[in-house]
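Working notes for the structure below.
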Amino acid sequence: MNFFIDVILPIPLQKLYTYSITKAESDFVSVGTRVAVPFGKSKIYTAIVSKIHHEEPKVYVPKSIHQILDESPVITNQQINLWNWISKYYMCSLGEVMRAALPSAFLLESETLISKIELEFNDLDLSDNEFLIYEALQFRPKLKVAEIAAITDRKTVLPLIKQLLEKGIIEVHEEIYEKYKPKLVRYVHLNAIYSNDEKLQELIEQLKRAKKQQQMVLSYFSINSGKIKATKVSDLIKVSGGSSTTVKALIDKGVFLEDYIQEDRVVFNDDNRLEQKSLNQFQNKALEDIKSAFKNHDVALLHGVTSSGKTEVYAKLIASALSKQKNVLYLVPEIALTTQLVGRLQSYFGEKVIVYHSRYSLNERVEAWYKLLNNTSEGFIVLGARSSVLLPLPNLDLIIVDEEHEQSYKQFDPAPRYHARDTAIVLAKFSNAKILLGSATPSLESYYNASNKKYGIVELNERFNNLLLPEMELVDIKDKLKRKRMTGHFSDRLIEEIQFSLEEKGQIILFQNRRGFAPIVECKTCGHSPQCPNCDVSLTYHQFRSELRCHYCSHNIPMIKNCDACGNTSLDTKGFGTEQIETEVKLLFPNYKVARMDLDTTRGKHGYKKVINAFESGSVDILVGTQMLTKGLDFKNVRLVGIMNADTLLNFPDFRAHERSFQLMAQVAGRSGRQGSRGKVLIQTYNPYHKILQQVASHDYKSMYDEQIDQRHNFKYPPVYRLIRITLRQKDYNKVNLASDWMAKSLRQILGSNVLGPEYPSIARIRNQYNKHILVKIPGNQSITKTKEAILKVKNSFTSISEFKSVRVVLNVDNY
Ligand code: ADP
Ligand code: ZN
């Protein structure tokens with residue numbers, strides 16, 4: 001009997017690809033193991049086995065595999081099911097999902113690193129080219145395939161690599177993780193029998209003649225102020241003046257027990273261990289409501305105002321899952337912004353918290369992966385952003401999606417263009433787990449589902465500590481300008497309130513959702529303004545670095561002194577960003593410390609942490625920032641929040657602009673008055689009578705929801721209709737026009753008037769590529785599967801037209 005495997009390759013293919021394996025190999029592979037396979041002319045890829053069978057493919061002769069890479073599967077069946085769902089729902093290939101899901105250290109392909117194996121003999125039987133590679137590896141521990149091609153001056157080097165592999169002289173890529181050894185640090189803790197005072201006295205007595213050992217036990221207690229906990233051996237030696245022999249003696253006697261703790265986990269400090277807080281009556285009610293919602297629903301929405309203590313409610317649910325030795329997935333919009341949350345969860349759950357961070361190194365990610373894969377009996381909380389929904393998560397009991405309204409849960413580029421919240425809902429279903437969505441400003445779609453009883457809903461309307469929601473004030477800047485009451489971008493009211501807060505020793509947050517100094521530089525003489533050569537946007541002026549920069553492609557040039565067009569020096573700026581606010585507020589309040597938090601000030605792994613810590617510790621009085629400030633941060637001492645300009649948010653050309661504006665403003669407002677006295681929020685605007693602003697000012701989510709839902713009904717937008725956006729992308733303007741006209745026409749033949757466009761977005765050209773959108777709206781009573789099939793059919797005919805070969809087609813399901 002012949003054996004075959006169907007595999008997922010990390011490239012966009014429409015089907016699984018089949019390889020043949022031997023009978024012997026069939027004993028070693030199972031679904032979820034990785035295999036190295038040849039594909040195309042000369043490429044080797046890492047593929048995942050998705051099916052093992054006996055049916056020979058009809059249209060091609062299957063190749064055999066190069067090798068099996070794992071002894072046991074590294075992907076769970078459940079992951080493969082979820083990948084399948086993602087690929088179908090989001091209309092992308094399994095390979096694209098695989099690429100997004102696997103840490104790149106798992107993928108071996110032609111870009112792979114080659115390293116040599118330490119051989120015990122030197123008697124090598126090598127061809128000239130093989131020897132060249134072998135020699136190069138004596139000097140460089142790792143080589144890329146491309147480098148090998150250069151060394152040997154050959155285009156196709158994979159056969160060569162394969163031979164060296166077979167001769168056992170080199171190894172490929174796997175070594176990156178297999179050789180990975182976590183850094184371990186030696187700890188000891190006192191045997192628990194000595195928590196009994198009598199026993200302890202006995203011990204000290206017994207050690208009378210071993211002074212050093214006695215001293216070490218005493219030092220242990222002084223370090224830990226009388227408690228029993230894991231203590232670094234190096235600290236113990238330093239404090240007690242003993243040596244590692246002393247430690248060994250105590251371990252041999254069973255006084256100390258030894259622990260090795262991984263270096264990265266050591267960051268967690270047992271001193272920070274806290275009891276969970278007990279809930280107040282409102283939180284308790286919410287907790288009970290969630291539990292009863294879970295009786296009838298798999299999904300529940302917790303609508304809890306800012307600072308109502310949602311996190312503490314989550315903690316109770318987490319504790320109950322962990323007590324069953326089950327796992328919890330805790331999704332957050334942006335992991336780098338959650339240092340406070342990580343601290344809080346670690347103080348409750350210690351080393352059970354696994355943080356999955358996209359800024360982690362390859363090794364750290366692989367390590368987290370294995371920890372989860374191999375663990376089925378302990379119970380972990382995995383805290384991570386979007387992509388952590390793709391991790392192996394056996395034994396899942398609960399998923400929490402915090403700030404579920406956040407747009408960062410949706411991946412826009414590249415494929416898979418998935419939404420982590422929606423994917424998590426499917427994952428929960430596959431795992432028989434419950435899922436809780438939490439937000440002070442739920443997305444319209446989640447609230448809609450809750451209103452339609454698809455989800456359970458729980459309301460938590462009281463701020464913790466009996467604090468009131470902040471007092472809101474709208475400031476009419478049109479009027480202020482007319483009456484000359486503006487200093488730069490600050491109204492007299494805002495200045496007064498800042499002054500007042502500072503005198504009261506309160507901190508201040510100023511929100512402006514645009515970074516840089518000014519988005520437009522304009523010549524007053526001729527009206528010209530510098531544009532990005534690659535994108536249809538003006539260059540943003542960054543004063544600090546004295547440069548002009550494109551926020552779409554990062555193109556940048558030094559700031560100009562004369563107008564490019566007329567040569568005059570009469571340059572002016574239009575609009576304003578965080579940098580300008582920072583500059584102005586420093587001039588207005590020179591005696592106070594001002595910091596800025598936006599993409600430009602938070603680069604690097606710990607960039608955010610620094611700013612957050614500085615503000616938290618009170619060494620910064622005024623923090624200026626972008627929407628980063630809205631994401632669930634918990635500062636105790638913020639008295640005042642100033643929203644510098646509400647209008648740019650409201651006027652954004654998008655059907656969700658109003659919903660988003662409400663969410664952003666309500667969230668940033670929610671940073672104030674979280675402890676002590678009631679907070680204050682000032683919103684500067686040209687349109688104080690705008691409905692959304694009125695709703696934000698009166699904390700009226702429900703009115704906002706009702707009104708927006710009406711509009712979604714009227715204008716056929718989500719959540720009432722579904723959307724799939726098709727983008728055509730190409731360098732050539734005319735070609736994009738032709739192609740998108742063809743595509744729209746063909747779609748209309750099947751889907752009729754629910755096809756909109758083609759239309760250029762407000763920024764038509766980005767990175768020298770023109771984009772044109774076609775929007776397919778899907779009414780509630782129309783089959784989504786059939787609609788997708790129709791779109792794929794049109795797309796396939798499109799791709800077969802030679803004229804359009806170079807036009808990229810991007811499908812984005814739920815593109816909002
Ligand atoms: P939310 O996530 O709803 O905005 P948080 O969970 O961050 O609110 O809670 C706001 C603040 O109130 C936090 O500083 C938190 O420590 C505190 N807090 C919430 N619940 C309790 C409680 N039951 N006991 C003590 N402090 C609490
Ligand atoms: Zn650009």
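The values are calculated or read from the model by the stated rules, or taken from the named source; none is laboratory data. Since the structure is predicted, the reported quantities are computational estimates derived from the model, not experimental observations. Don't worry about glycine lacking a Cβ; one is built from the backbone with ideal geometry, like all the others, and counts go over all protein chains shown. When the accessible area is computed, the model is the full protein with side chains, heavy atoms only, and any ligands, DNA or RNA have been set aside. Shrake-Rupley method; radii C 1.70, N 1.55, O 1.52, S 1.80 Å.
A few remarks follow.
- So residue 449, is it modelled with pLDDT under 95, surrounded by 17 or more Cβ atoms within 10 Å (Cβ to Cβ), more than 16 Å from ligand 1 (Cβ to nearest atom) and not acidic (Asp, Glu): no
- Failed item in (1) open to solvent by 30 Å² or more (accessible area, probe 1.4 Å); (2) within 26 Å of residue 630 (Cβ to Cβ), with residue 370 passing the rest: (2)
- Scope segment 22-38; condition surrounded by fewer than 19 Cβ atoms within 10 Å (Cβ to Cβ) and in a strand (DSSP E or B); matching residues: 38
- Condition met for residue 541 (surrounded by fewer than 17 Cβ atoms within 10 Å (Cβ to Cβ) and either within 16 Å of ligand 2 (Cβ to nearest atom) or not in a strand (DSSP E or B) (or both)): no
- Hits in segment 634-657 - residues which are more than 24 Å from the chain's Cα centre (by Cα) and among the small types (Gly, Ala, Ser): 642, 646
- Hey, residue 531 within 14 Å of ligand 2 (Cβ to nearest atom), open to solvent by 30 Å² or more (accessible area, probe 1.4 Å), more than 29 Å from the chain's Cα centre (by Cα) and more than 27 Å from residue 501 (Cα to Cα) or not: yes
- Segment 805-816, residues that are buried (at least 18 other Cβ atoms within 10 Å of the Cβ) and over 26 Å from the mean Cα position of the chain (by Cα): 807
This table checks each residue for (1) modelled with pLDDT under 95; (2) within 9 Å of ligand 1 (Cβ to nearest atom).
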residue	(1), (2)
288	no, no
293	no, no
298	no, no
301	no, no
306	yes, yes
312	no, yes
316	no, no
321	no, no
325	yes, no
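- Within segment 64-87, being touching a strand residue (DSSP E or B) at 6+ places or on another chain (Cβ under 9 Å) and in a loop (DSSP other than H, G, I, E, B) holds for 65, 66, 69, 70, 73, 74, 75.
- Against the criterion of being within 16 Å of ligand 2 (Cβ to nearest atom) and either open to solvent by less than 30 Å² (accessible area, probe 1.4 Å) or assigned to a helix (DSSP H, G or I) (or both), residue 796 does not qualify.
- Number of residues in segment 84-100 that are open to solvent by 10 Å² or more (accessible area, probe 1.4 Å) and closer than 14 Å to residue 46 by Cβ: the value is 2.
- Across segment 677-696, the number of residues qualifying as farther than 11 Å from residue 662 by Cβ and open to solvent by 10 Å² or more (accessible area, probe 1.4 Å) comes to 7.
- For segment 752-769, residues that are within 31 Å of the chain's Cα centre (by Cα) and either open to solvent by less than 40 Å² (accessible area, probe 1.4 Å) or within 16 Å of ligand 1 (Cβ to nearest atom) (or both) total 4.
- Selection status of residue 456, open to solvent by less than 50 Å² (accessible area, probe 1.4 Å), modelled with pLDDT under 95 and under 30 Å from residue 278 (Cβ atoms): no
- Count of segment 132-161 residues which are over 15 Å from residue 41 (Cα atoms) and open to solvent by 70 Å² or more (accessible area, probe 1.4 Å): 9
- Some residue of segment 678-696 being modelled with pLDDT under 95, of a type in the set (Val, Ile, Thr) and either more than 25 Å from the chain's Cα centre (by Cα) or more than 16 Å from ligand 2 (Cβ to nearest atom) (or both): no
- Within segment 53-63, the residues that satisfy the criterion of being open to solvent by 70 Å² or more (accessible area, probe 1.4 Å) and not hydrophobic (A, V, I, L, M, F, W, C) are 54, 55, 56, 58, 63.
- Residue within segment 698-721 that is farther than 20 Å from residue 408 by Cβ, of a type outside the set (Phe, Trp, Tyr), open to solvent by less than 10 Å² (accessible area, probe 1.4 Å) and in contact with a strand residue (DSSP E or B) (Cβ under 8 Å, 6 or more places away or on another chain) present: no
Okay, residues lined up against (1) among the hydroxyl-bearing types (Ser, Thr, Tyr); (2) more than 21 Å from the chain's Cα centre (by Cα); (3) closer than 16 Å to residue 404 by Cα:
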site: 317; (1), (2), (3): no, yes, no
site: 322; (1), (2), (3): no, yes, no
site: 329; (1), (2), (3): no, no, yes
site: 334; (1), (2), (3): no, no, yes
site: 339; (1), (2), (3): yes, no, no
site: 343; (1), (2), (3): no, no, no
site: 346; (1), (2), (3): no, no, no
site: 355; (1), (2), (3): no, no, no
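- Across segment 427-444, the qualifying residues are those that are over 21 Å from the mean Cα position of the chain (by Cα) and surrounded by 20 or more Cβ atoms within 10 Å (Cβ to Cβ), and the one among them that is nearest to residue 702 (Cα to Cα) is 444.
- Conditions (1) away from ligand 2 (no atom under 16 Å from the Cβ); (2) surrounded by fewer than 15 Cβ atoms within 10 Å (Cβ to Cβ); (3) in contact (Cβ under 8 Å) with a residue 40 or more places away in the chain: number failed by residue 598: (2)
- Single residue of segment 488-498 satisfying the filter (in contact (Cβ under 8 Å) with a residue 12 or more places away in the chain and outside any strand (DSSP E or B)) that is nearest to ligand 2 (Cβ to nearest atom): 489
- Odd one out for residue 345 among (1) modelled with pLDDT of 95 or more; (2) hydrophobic (A, V, I, L, M, F, W, C); (3) under 28 Å from residue 630 (Cβ atoms): (1)
- Sole exception among (1) open to solvent by less than 10 Å² (accessible area, probe 1.4 Å); (2) closer than 30 Å to residue 371 by Cβ; (3) at pLDDT 95 or above for residue 19, by number: (2)
- Boolean, residue 418 is of a type in the set (Ser, Thr, Tyr) and open to solvent by 20 Å² or more (accessible area, probe 1.4 Å): no
- Test set (1) over 23 Å from the mean Cα position of the chain (by Cα); (2) under 24 Å from residue 580 (Cβ atoms) - residue 664 fails condition number: (1)
- Criterion: surrounded by fewer than 20 Cβ atoms within 10 Å (Cβ to Cβ) and more than 29 Å from residue 452 (Cα to Cα) - qualifying residue of 324, 295, 285: 324
So that you can scan it fast, the table gives a plain yes or no per residue for (1) modelled with pLDDT under 95; (2) among the acidic types (Asp, Glu); (3) over 19 Å from residue 92 (Cα atoms):
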site	(1), (2), (3)
744	no, no, yes
763	yes, no, yes
773	no, no, no
776	no, no, no
779	no, no, yes
791	no, no, no
